[in-house]
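Reading through the structure tokens given below for one structure.
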Protein chains: 2
Amino acid sequence: MKEITGGVCAPKGFKAGGIWCGIKAGSKKRDLALIYSEKSSDAAAMFTANRVKAASVLVSQEHLAGGKLRAIIANSGNANACTGQAGLDAARRMAELAAAELKTNPKEVAVASTGVIGVPLPIAAIESGVKPLVNSLHSGEEGHAAALEAIMTTDIRKKEIAVEIEIGGSRIAIGGMTKGSGMMHPNMATMLCFLTTDAAISPDALDKSLRLAVQRSFHRITIDGDTSTNDTVIIMANGEAGNPPITAGSAACEIFAAALEKCCIALARQMARDGEGATKLLTVTVKGAADEKTAEVMARTVAGSSLVKAACFGADANYGRVLCALGYAGPDFNLEKTGVVFKSRAGEIELFKNGMPVLFSEENAKRILSEEEIEIVADLGGGPGTSTAWGCDLTYDYVKINGDYRS
Amino acid sequence: MKEITGGVCAPKGFKAGGIWCGIKAGSKKRDLALIYSEKSSDAAAMFTANRVKAASVLVSQEHLAGGKLRAIIANSGNANACTGQAGLDAARRMAELAAAELKTNPKEVAVASTGVIGVPLPIAAIESGVKPLVNSLHSGEEGHAAALEAIMTTDIRKKEIAVEIEIGGSRIAIGGMTKGSGMMHPNMATMLCFLTTDAAISPDALDKSLRLAVQRSFHRITIDGDTSTNDTVIIMANGEAGNPPITAGSAACEIFAAALEKCCIALARQMARDGEGATKLLTVTVKGAADEKTAEVMARTVAGSSLVKAACFGADANYGRVLCALGYAGPDFNLEKTGVVFKSRAGEIELFKNGMPVLFSEENAKRILSEEEIEIVADLGGGPGTSTAWGCDLTYDYVKINGDYRS
């Protein structure tokens, strides 16, 4: 597997584009994106677990039921959530407008929105924007970059990936982009994630691979504990690579699923690093738990603790807060066998071992925790279960972004 | 019921004191507190749900099993948590030292600690401090105030209450103090709460009244989602009021329980208002839920949302974040029947009604949300369940306090 460029346009047969149509009223930043497959693709998707679902989510769920997609149209600047029947009508209209311009079936167009909740979607802006949007479709890096810009809101960094693998003599590409930096928590972040591949793969194998990859990536990041109304992950597979079709359970499927998981983890880490106001990427690994699921719950709880996050911001080796978070995560564990280590590329330092504090150099700890990527490893000394979660520090800027800005 | 002064020393037969013994090494702020009943009291208590329990909690649980107390000794500046066998020995020693000086049974002394986790408790400081501590015991406001100061950590405001009720011709007082401003979340806050009463009351009635009062007060506040290792609520009842003993299920018990609940709610609101870095008290009421428990879960989730809290700080009428938090709280509800109103003493404003945004004046909303006490009312339009939760805004100072300070 090697990393390549081009994002969602790296796989054969995909184009993308993005323009400003006026939804982001205060700026001329791109706000309308399109990802397009030249031929009909198989598609799989996952949506928010929030009981309040955006209109775009409800419409995409309907359209994805058919399992086929030609395009995804997405806007930023407005979430089209809590907008009643008018919102649903607007989301359907968005799909129809794109389908008409692309001369395809509206049911093969997915819709996604991100931005402020509870404000009517300015559908007129999208009506007048669809033609220039379709005209902006471009292959390669150029198309990918324009679409990616158009789905960003408070994101500062671009989150993108593309890899190439070989299956049965064919070169297969997987590409992806995400947006999301606030209101992010497992199941899922406020995130839109669009993935493309030119693999020929059965709908069943595609769906299973996506679910596993999402579970091990996006479901393990947390920014602030808020699960949004709009979370959407969609993958389109158009078969243009010409490989012998991948079926569920095959060795080829394992290779494909592993590559997809790597892509999703790369995107998840990029999102955590770009958490609202974040200055640091926080990786929390819990080992020695009863099983992977238990380890996951505990790793997520530590990564989500406001006090742990604030300590990381302050480069304070406050392992007591890590133990405290492990204690309220839910699962039982033996404190007497528990150890805590903080790591970064500047070194590692053991702070707690077998239920007892370890004497350590505060100066050394400060140096390690002042790096941009910090890892906390908690070993519970019990079973074989291990899991990793990703988060970020809690900073003044998180408060500033979310206190000052209607997002 | 009327409010009176004197805190935990308002009920007859109680004294309190507080001194600096050197646990808070960097300052001369009081760090050792004592609450003392002249005669043996019945006692009831509740402790943290965190699986990692401080040594002081484990020892107090043992001692409280007897149901009798003469005194509570508490220190700030050190949590005596995650300190292994040495920590347990130190907590036992603390009770023994106080008992020896007070000439009572160590089993009738409860211990409580608050402060940094994972640092050995400097027991020598307590050894040399116990005599001056006992000498500092004082009745009335003076004793109460000294003890209260000695349990404070990052607290800015004092949290105290005392009320008087009449039962069967006897005047009964209930007094209380709490500390706690960070790491606070239902079940319970990082809080110590000491309550006293001169009521004669059966152990059963005392225990039931305490549990109900705590459920409706401290379990409904949230500052940052972190549940501490040290949470402790203790009530001592010495019978000095001379009332006919209150038994569980009696009309007298209802009067007593209602007064205790009022005391605990008053203390809980004071704690939420003094949340680390807080500038505002946030009250969230959920109505129209299936039952009280469902309403409570939803109210707590809204009050605990980082995004709702940051919006309150910024006086931003971001009701979309309220709906979003209701959506991920867990229980199902009908968005089409849901309404959201923001209130303060400056007025009230309806933002969402029957599943649709309501046009509102941003200027008016800003004025209402700029007050120091804000209420959010979400009406789900379903069943009869109502509950209220309390929290505070998320501010730059929360990050500063928890990023810069090993607490």
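Data overview
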item	result
When residues of the stretch B:13-27 are limited to those that are within 20 Å of B:GLY140 (Cβ to Cβ) and of a type in the set (A, V, I, L, M, F, W, C), the one surrounded by the most Cβ atoms within 10 Å (Cβ to Cβ)	B:ALA16
The stretch B:65-116: number of residues that are crowded, with 24+ Cβ neighbours inside 10 Å, more than 14 Å from chain A (Cβ to nearest Cβ) and in a strand (DSSP E or B)	12
From B:SER305, B:SER344, residue being more than 23 Å from A:GLY115 (Cα to Cα) and among the polar types (S, T, N, Q)	B:SER344
Residue match in the stretch A:32-46 (condition: assigned to a loop (DSSP other than H, G, I, E, B) and either among the polar types (S, T, N, Q) or within 19 Å of the chain's Cα centre (by Cα) (or both))	no
Number of the exception - B:ARG30 against (1) closer than 26 Å to B:PRO122 by Cβ; (2) in contact with a helix residue (DSSP H, G or I) (Cβ under 7 Å, 6 or more places away or on another chain); (3) open to solvent by less than 20 Å² (accessible area, probe 1.4 Å)	(3)
Any hit, the stretch A:233-254, residues being touching a helix residue (DSSP H, G or I) at 6+ places or on another chain (Cβ under 8 Å) and within 20 Å of A:GLU296 (Cα to Cα)	no
Per-region count, the stretch A:320-337, residues out of contact with any helix residue (DSSP H, G or I) (no Cβ under 6 Å at 6 or more places or on another chain) and more than 9 Å from chain B (Cβ to nearest Cβ)	2
Single residue of the stretch A:33-63 satisfying the filter (closer than 22 Å to A:GLY176 by Cα and among the charged types (D, E, K, R)) that is surrounded by the fewest Cβ atoms within 10 Å (Cβ to Cβ)	A:LYS39
Residues of the stretch A:305-321 satisfying the condition of being under 14 Å from A:LYS366 (Cα atoms), part of a loop (DSSP other than H, G, I, E, B) and of a type outside the set (Asp, Glu)	A:GLY314, A:ALA315, A:ALA317, A:ASN318
Filtered residues of the stretch A:367-385 (kept if surrounded by 15 or more Cβ atoms within 10 Å (Cβ to Cβ) and either in a loop (DSSP other than H, G, I, E, B) or without any contact (Cβ under 8 Å) to a residue 60 or more places away in the chain (or both))	A:ARG367, A:ILE368, A:LEU369, A:GLU371, A:LEU380, A:GLY381, A:GLY382, A:GLY383
Among (1) open to solvent by less than 30 Å² (accessible area, probe 1.4 Å); (2) among the polar types (S, T, N, Q); (3) farther than 19 Å from A:HIS219 by Cα, the one test that A:SER361 misses	(1)
Index of the failed condition, A:ASP332 passing every other in (1) under 19 Å from A:MET356 (Cβ atoms); (2) without any contact (Cβ under 8 Å) to a residue 24 or more places away in the chain; (3) not in a helix (DSSP H, G or I)	(1)
Unmet requirement for B:ASN364, which otherwise passes all of (1) under 31 Å from the mean Cα position of the chain (by Cα); (2) outside any loop (DSSP other than H, G, I, E, B); (3) touching a residue at least 12 places away in the same chain (Cβ under 8 Å)	(1)
Residue match in the stretch A:345-353 (condition: in contact with a strand residue (DSSP E or B) (Cβ under 9 Å, 6 or more places away or on another chain), under 18 Å from A:ARG269 (Cβ atoms), in a strand (DSSP E or B) and away from every other protein chain (no Cβ under 12 Å))	no
Single condition B:LYS287 does not satisfy, out of (1) closer than 30 Å to B:ARG157 by Cα; (2) away from chain A (no Cβ under 14 Å)	(1)
Check on A:LEU88, over 19 Å from the mean Cα position of the chain (by Cα), closer than 22 Å to A:PRO203 by Cβ and of a type in the set (A, V, I, L, M)	no
Close pairs (7 angstrom Cβ cut-off, 6 or more residues apart or separate chains): farther than 24 Å from A:GLY304 by Cβ in the stretch A:197-221, aliphatic (A, V, I, L, M) and surrounded by fewer than 18 Cβ atoms within 10 Å (Cβ to Cβ) anywhere	A:SER202/A:ALA248; A:ASP204/A:ALA248; A:ALA205/A:ALA248; A:LYS208/A:ALA248
Neighbours by Cβ (under 7 Å, 6+ apart or cross-chain): first from the stretch A:148-161, within 14 Å of A:ALA278 (Cα to Cα); second part of a strand (DSSP E or B) and open to solvent by less than 30 Å² (accessible area, probe 1.4 Å)	A:ASP155/A:LYS179
Number of the exception - A:ALA315 against (1) farther than 19 Å from B:ASN80 by Cα; (2) more than 9 Å from chain B (Cβ to nearest Cβ)	(2)
Any hit, the stretch A:94-111, residues being more than 18 Å from A:CYS193 (Cβ to Cβ) and modelled with pLDDT under 95	no
Subset of the stretch A:387-407 (residues that are open to solvent by 70 Å² or more (accessible area, probe 1.4 Å) and more than 14 Å from chain B (Cβ to nearest Cβ))	none
Conditions (1) over 13 Å from the mean Cα position of the chain (by Cα); (2) over 14 Å from B:MET236 (Cβ atoms); number of the one not met by B:LYS158	(1)
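Table: residues versus (1) open to solvent by 30 Å² or more (accessible area, probe 1.4 Å); (2) of a type outside the set (A, V, I, L, M).
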{"site": "B:ALA289", "(1), (2)": "no, no"}
{"site": "B:SER306", "(1), (2)": "no, yes"}
{"site": "B:ALA315", "(1), (2)": "no, no"}
{"site": "B:GLY320", "(1), (2)": "no, yes"}
{"site": "B:LYS353", "(1), (2)": "yes, yes"}
{"site": "B:ALA365", "(1), (2)": "no, no"}
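The values are calculated or read from the model by the stated rules, or taken from the named source; none is laboratory data. Please read these numbers as outputs of a predicted model, since none were measured by experiment. Using ideal geometry, Cβ is built from the backbone for each residue, glycine included, and neighbour counts are taken over all protein chains shown. Note: accessible area is taken over every heavy atom of the protein model, side chains too, but ligands, DNA and RNA are not part of it. Shrake-Rupley method; radii C 1.70, N 1.55, O 1.52, S 1.80 Å.
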